[in-house]
Amino acid sequence: MPKKTTTPTVSTSVDDELRHKAETHLQAQQPTESYPLTPLTPLTLAETLAETQCLLHELQVHQIELEMQNEELVESRARVEVGLRQYTDLYDFAPVGYMTLNADGTIGQINLTGARLLGVERARLVGQRFNPWVSPATRPAFSSFLKRVCESHAKVSCEVIFEKPGPEMRWVSVEGMASEDGQQCHIAMMDITARVKAEQALRDSERHFRMIADSAPMLIWLSGPHGENLYHNQRLLDFTGTTHAGQVAGQWVSLIHVDDREQFIRTYEQDLQLRMPFEHQYRLRRADGEYRWMIDTGVPRFADDGTWLGYIGSLLDITERINASHVLKSGVKKRANELAQLLVLSQAVALDEDPSPLLRLILEKLRLVMPYTSAWVYQKNGLNDLDDLGLMTSSLEVDLRLSERESLVTDNSGWKSYLHLGDVLALKQTVIIGNASQDSAHAVALRRWVAEQIASIGQTRRELGSWIGTPLLVAGEAIGLLALANDAAEAYSEKDAELLRIFASFVATVINNDRLKDSVAKTATLVERTRIARELHDSVSQALFGIVLGARTSQQMMSLGNLAHLPETLSYTLTLAEGALVDMRSLIFELHPEVMAQEGLVIALQKQAAAIHSRHRLKIDLDMPAEPNLSLEAKEAIYRIASESLQNIVKHAEASRVSLSIKTDSEATPLMVQVRISDNGRGFDPHAKHFGHLGLHSMRERSAIIHGKLDIHSAPGQGTLILLQVPVQA
C-alpha cells in the first residue's frame, strides 16, 4: 500500500482559517485537464504519484497562505500609516501648541501650532533653546514654572509672553508635566492674547465708565441683587462727604430727610422685590448739612442669561426746579389776584354810575397788585393845566392832596414844563423813573415837580424812591394820567407798566363815561356796558375758577410730595391766567369802541380770535385780506355780530374748526362786504325758540341797523354757517 502522507496540524484558529481560505483558493485554481505520466510499475507509480500530489498540494497551500499573509501585512501597514497620518494631523494642527523640552532647555519636538505661536518654522526650532522666545518680563515666571514641573512631577501652569519677530507680542497660557524618566518636559501652550486683550478692554471700559460717571453732572450709583451698594461716582461721594461706597451704604438712609425716610424705605423694598424700574423723590442731606430735593431713578440690571444683578441709577438735584415751581406758583397766584381785581373792576365800571367811588375802588384794587406809597389821578383841564380829582392816597409825611378841581401847576407853561409829565401826556407813553434820586432828565423833572408842589402848601419835603405814570386814553387822546410812587427804588418794571395801563383804561373809561352822562346815548351806553360786564363775568370768572382749581391741585401735590407733575399743573394754571388776561384786554377793547377808528375792524377781530385761542385753545382760521371800506358804525356792528357768533361757538358748538372771512364782493350791486363765520360743531335749529338766549335776536337787530342781511344756516350735527352782507354805503 502506498505510504500515507499527513499535513502538520495547525493549533490556532487563525491558522485554520487561513488554511481553509488557501484550500478554497487552490480548488478554485485546480486545472481540469490531466497530464500524461511516465510509465512506471504499478506500485511505484501509485506511491510516487500520491506523494507528489500531496507535496504539491502542501506547497500550493503554503504559497497561498504566504500571499494572503502578505496582503494582510500590506493592509495593516496601510492602516498604521493612516493612523499615523491622523495622529500627526491631530498633533500638528491641534488648536493647542505641544512641545517637548529636553533637560538642557532645548526643543525636542514641537507641533505646527506651537511653531506658529513662536512665529518660526518648525524645522528651525528643533534643537534650539526655548528661553529666548520668552519675553524678559516673564522669564523669571517661566523659570519658576520649569522648576516646579521638575520637582512636583504634577501638572503646573503659568502665563508668559512670547516675543515674535516684529512688534507683536502674544500672551500664552502654559501647562507642563515632566516625563516619567524626568529627562523631558511635555508642554501644552494656548494663545490667550484675545482673552488678555478682552480683559484689558474690560478694565479700560470700567476705567472709562468710572471716568464718565465721575464727570457726569448727576450722582450715579450701582447696587447688587440684594440692594447692597457696589459703586458710587465721585460726585455722589463729594455730595455726601464720604470717601467710598461702603461708607455711604452704612449711612444712606440716615441722609434722607426724616419726613421722607419711611416712604423711601417702603417703596424701595417693593421695587427691589418686583425688580422693576423706579423713580423716587426725596430730600437728601448734603455734606454741608443742607437738604436738597433729589429724583432717584433706578434701572434693573440683568446678565445675558437673565440672572438678576441689581440696579444702576442716578440722583438728579431738582432743588432749583422745585424752587422755580414755587416761584411759578406764586406768579400764578399773583396773576389770579390781578384778574380777580380786574373782574371786580370790570363789573363795577360797567354797572356803577357814580365815578368817584369807582375811581377810589380802582386805586384800592391797584394797591393790592402794585403796592405804592402814593397814587394820583389827574385829568387835563385845557391845554396846560391838570386837575387833581381829589383821589390821591399817600403815606408821605407831607399832604399833597389838593382840593377837588384845583390846578396842579401854577406857572404859565403848565405840565408841559415837566418832562416826565410831558412824555406821559404829550407823547402818550408810560414813564418809569426807577430811582428818583438819579440825575436823569425824568428824575430831575420829578424832583422839581414834587418840590414845587410841596412848597406851594408849605410842607416838609420827603424824597421819593421810584415813580411810574401812564396816560388816560380816550379815542387816542390823553385826557389825564395815572401815577404811582414808592419809597423804594426800582419798585416798578415793564410788566407793572403793562398792568398799570390796564387799570388806566378803567380809569379812563370811568372818566369818559362821566363825561357822557348827559349825552343822548346814555341809555344805550349803559346797556352796552351791562352786556360787556356780563361777558367779562362769563369769561374771566370761568378762568378764575380754573386757576383756583389748578392752584388747589398744585397745593395738594406739594403737600403729598408729588412734585413730578407739579410744573405741568402750574404751567397749565399760568396759561389759564395769561389767557384770561388776554380775554380781559380784548373785552377792555370793547369798552373803547372808538379804538376801532384807529386800529380797524380787521385788527380788532384778530385780537378777538387770539383771545379765544389763548383762552379756549380753539384756533380760528382768518381770511381778511384788507380793511373793508365801511363806516365806523358798520364796523362796530360787524364786530359785535362776529364776537357774539364766536362766543356762541365757544359756549355751545363744541367745534374743532372755525373760519372767519371778510371780503368785498366787487361784482355785487350795490357793492357788498361779505362776512362768513362757519364751524364744524354740533349745530342747532335756527328757527326754534331758544328761551333765555338773546344772542341771535341781538345779531339780527345790529344787522338791520346797518341795513345788512344776516342768514344763519345750521342743523343738528351739521355745523353752522353765518353769512352777513353789508352794503358799502353803510
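If you take the beta carbon distance between residue 552 and residue 698 as r and set R0 to 30 Å, what does 1/(1 + (r/R0)^6) give as a FRET efficiency, to the nearest 0.05?
Rounded to the nearest 0.05, the efficiency is 0.20.
Using r as the Cβ-Cβ distance of residue 629 and residue 723, and R0 as 22 Å, what FRET efficiency do you calculate, to the nearest 0.05?
Working from the Cβ atoms, E equals 0.65.
For the range 601-730, build the charge dipole from Cβ charges (+1 Lys, Arg; -1 Asp, Glu) around the Cα centre, then report which of 713, 672, 645 sits farthest towards its positive end.
Final value for the positive-end residue is 645.
List, in the order given, every pair from 635/709; 365/428; 155/197; 428/607; 663/709; 380/607 whose Cα-Cα distance in the structure shown is over 19 Å. It would help to have the intermediate numbers written out before the result.
Values: 635/709 15 Å; 365/428 24 Å; 155/197 26 Å; 428/607 22 Å; 663/709 15 Å; 380/607 30 Å.
Correct reply: 365/428; 155/197; 428/607; 380/607.
Can you tally the net charge around residue 241? Count Lys and Arg as +1, Asp and Glu as -1, for every other residue whose Cβ sits under 14 Å from the Cβ of residue 241.
On the way: positive: 235, 285, 286, 292; negative: 238, 288, 290.
So the environment of residue 241 carries a net charge of +1.
Between residue 368 and residue 647, what length in nm is gained on full extension when 0.36 nm per residue of separation is reduced by their alpha carbon distance?
97.3 nm
Quick one: order 684, 209, 93 by neighbouring beta-carbon count within 10 Å, fewest to most.
Values: 684 20, 209 14, 93 10.
Least crowded to most crowded, the residues run 93, 209, 684.
Any chance you could tell me what percent of the C-alpha pair distances in the range 97-191 go past 21 Å?
22
Kindly list the residues of the range 305-320 that lie in the label zone of residue 210, defined by a backbone N under 18 Å from the point 7 Å along the Cα-to-C-beta vector.
313
Sorted by packing (mean other beta-carbon atoms within 10 Å per residue), highest first, where do 647-658, 366-377, 58-69 land?
Going from most to least packed, we get 366-377, 647-658, 58-69.
Which of 145, 114, 209 sits closest to the plus end of the dipole of the range 101-223, meaning its Cα is farthest towards the positive end, when Lys and Arg get +1 and Asp and Glu get -1 on the C-beta?
Of the listed residues, the answer is 209.
Read the figures in this text as sums done on the coordinates, not as results from a lab. Computed from a predicted structure; not experimentally measured. All Cβ positions, glycine included, derive from the backbone under ideal geometry; neighbour counts span all protein chains shown.
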